[in-house]
Amino acid sequence: MPRFNQTHPVVPVPMPHRVAEMVLAAMPEPVCQAVMETEDALREIGRFRPLASAEDRVDFEAELGRLAAANKQLAAHHPNLIVAPWERAA
């Protein structure tokens, strides 16, 4: 059996909706809200070009603040749930 390493990248497999629902059902409500806030903030951060205009910079900073607030809630539940802006999915 081949060993998976850098020559055989691991391909992410999408999680079925039912499994995601079961995972979210086991989490406290504030943590579920923080997960959704994190996903929304990451999506918005990906939309902005930080150096485009003053308005975009302000919006970009606001989304980073939203991400930081959601990460604070996630870290209180479990430190491994924190997401950095550069770790967003492609």
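Under a crude label model (7 Å from the Cα following the beta-carbon direction), how far is Val19 from Ala76 in nanometres?
3.0 nm
Hey, any idea what % of segment 35-90's accessible area is carbon plus sulfur with a 1.4 Å probe?
Answer for segment 35-90 is 56 percent, counting heavy atoms of protein chains only.
What's the FRET efficiency of Arg43 with Val11 using the Cβ-Cβ distance as r and R₀ = 30 Å, to the nearest 0.05?
0.85
What Kirkwood hydrodynamic radius, in Å, does segment 27-90 give when the mean of 1/r is taken over all pairs of distinct Cα atoms and then inverted?
Numbers: mean 1/r = 0.0832 Å⁻¹.
Roughly 12.0 Å, rounded to one decimal.
The values are calculated or read from the model by the stated rules, or taken from the named source; none is laboratory data. The structure displayed is predicted, hence computed values, not measured ones. A quick note on method: Cβ atoms are made from the backbone with ideal geometry, for glycine too, and the neighbour counts reach across all protein chains shown. The accessibility values were calculated without ligands, DNA or RNA, using every heavy atom of the protein model including side chains. Shrake-Rupley method; radii C 1.70, N 1.55, O 1.52, S 1.80 Å.
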